[in-house]
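Written below as structure tokens is the structure these notes are about.
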Amino acid sequence: MRPSDTLSLSMRQLKERKLRSVLTVLAIAVGVTSIIALSAQVEGVKEGITRSLEVLGPDTIMVTLQSGMIFTDADVARVRGLEGVSSVTPMMAISVKVSGIEDRVSLIGISSYDLAGYLGEIRLFDGTIYYDVPAPQAVIGYNIGIDEAGDLRYKAGQPILITIGKRTLSMTVVGVLDEYGTLSAIQPDNSVFMPVDYVKALLRRGGYTLMMVKAENSEDVEQIVDLIEQVFGGRARVMSVKQLTSTVISITSQLNLLLLGIAGTSFIAAGLGTFNIMMISVLERVREIGILKAVGMKDKGILFLYITQGLLLGLFGSIVGLILGSITAYTIPIILEGGFGLGFGRTPRTGLGQPQAGQTPGMIPSYTPVISLTYLSIAIAVSIVVTLVSTAYPAWKASNLSPVEALRHE
């Protein structure tokens, strides 16, 4: 029998039991959808984090202290004097409440010059940057300054109420940052930036919670990390952007493997469903198989016929899963951002410029799912392999029926 005839006959047999075939295709599609949709979320978050870390540059090192401790000006000077260090940016970060914003945000004390270096570039939606003087002037992030409708909640020149502990203070908004929309050690969209000297005076602290160190050469980063660790011993946590990026990639890769394992269990149900429909198909067509053999069809032809049916089920399931997976992948962030009590939008505690435990801000910028060609290929390949394996025994069973036995079957 020609391949085209085998394909035509396979399609006809599947169409004769439409509901059963559709349900089997959907069972296969569930696994493909799960892998594509879930891996797209992880890949999207990974890309957002690595992209924001790249803004800092491979020559950047983040240094934080244990809870309750601060860096002094002497500590900053010691780090600045280390061999290979180009610059040191000291910062003060605490968690505060802002009037009109439900979740807590970060108040970051940093000089305007260093802020430009930290963000890569300063993009302002409204107003200008503050001057490096100890005055209550603030540049606020996009999510603070812009409401859900896209209108300015706080304009340049307007006051903003900030609650620090039990104190509520009025600050003057001098600028609103444009949307950065990426994850980073400090969330620009959910932060209030002020002159570092004013924040230190406001908090009555003579130190800093974070230092951002720049190396003269990216090749010297690991050496500088070792030197800083020797200076502070076990008091400080030192992490380079290279280390952060590799850690993010490692964690997301492991998470993707876990999700693949979870989503892959759905293929077990799909395999059993395919096995069931093919066995029933063989039993229902025993006499038809006998007739085909009686008119000269070889055992290999019968085997190929049912293998083709399994392959078609796998292909159709993959196509449906690809469509549903793509739709689901881009729908999940919309659902999560809508709230629904899922707790999405809680800032991960990186320990890098974030407030101490119990003071973590609430909002994080949205991310864009990324459908990876690798995981897409894995999902399609697994679905086809599962259907072929599930079809193997029924196809072998059909090919081994003798013409006489099949024609006598009732």
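Does at least one position in the stretch 108-115 carry a residue that is buried (at least 22 other Cβ atoms within 10 Å of the Cβ), of a type outside the set (Asp, Glu) and more than 16 Å from residue 63 (Cα to Cα)?
There is at least one residue in the stretch 108-115 that is buried (at least 22 other Cβ atoms within 10 Å of the Cβ), of a type outside the set (Asp, Glu) and more than 16 Å from residue 63 (Cα to Cα).
Tell me which residues, restricted to the stretch 265-285, are at pLDDT below 75 and buried (at least 17 other Cβ atoms within 10 Å of the Cβ). Give the derivation first.
Taking the stretch 265-285 as the starting set, the residues that turn out to be at pLDDT below 75 are 281-285.
Within the stretch 265-285, 281, 282, 285 meet the criteria.
Determine, yes or no, whether residue 266 is more than 41 Å from the chain's Cα centre (by Cα), in contact (Cβ under 8 Å) with a residue 24 or more places away in the chain, farther than 30 Å from residue 215 by Cα and in the same structural domain as residue 387 (by TED's automatic domain parsing).
no
For the stretch 199-206, state whether one or more residues are under 33 Å from the mean Cα position of the chain (by Cα) and in contact (Cβ under 8 Å) with a residue 24 or more places away in the chain.
No: zero hits.
Failed condition for residue 214, given (1) in contact with a Ser or Thr (Cβ under 9 Å, 6 or more places away or on another chain); (2) farther than 29 Å from residue 101 by Cβ; (3) in a helix (DSSP H, G or I), with all others met?
It fails just one condition, (3).
With the structure loaded, tell me whether residue 250 is in a helix (DSSP H, G or I) and under 18 Å from the mean Cα position of the chain (by Cα) or whether it fails that test.
Yes; evaluated as a whole, the condition is true for this residue.
Looking at residue 408, is it modelled with pLDDT under 55 and out of contact with any strand residue (DSSP E or B) (no Cβ under 7 Å at 6 or more places or on another chain)?
Numbers: modelled with pLDDT under 55: no; out of contact with any strand residue (DSSP E or B) (no Cβ under 7 Å at 6 or more places or on another chain): yes.
So residue 408 does not fit the description; no.
Checking the condition part of a helix (DSSP H, G or I), assigned by TED's automatic domain parsing to the domain that holds residue 370 and surrounded by 22 or more Cβ atoms within 10 Å (Cβ to Cβ), which residue from 7, 38 passes?
Working: 7 fails: surrounded by 22 or more Cβ atoms within 10 Å (Cβ to Cβ).
Step by step, each of 7, 38 is checked, and only 38 is part of a helix (DSSP H, G or I), assigned by TED's automatic domain parsing to the domain that holds residue 370 and surrounded by 22 or more Cβ atoms within 10 Å (Cβ to Cβ).
The values are calculated or read from the model by the stated rules, or taken from the named source; none is laboratory data. All values reported here derive from a predicted model rather than from experimental measurement. FYI the Cβ positions are ideal-geometry reconstructions off the backbone, even for glycines, and counts take in every protein chain you see.
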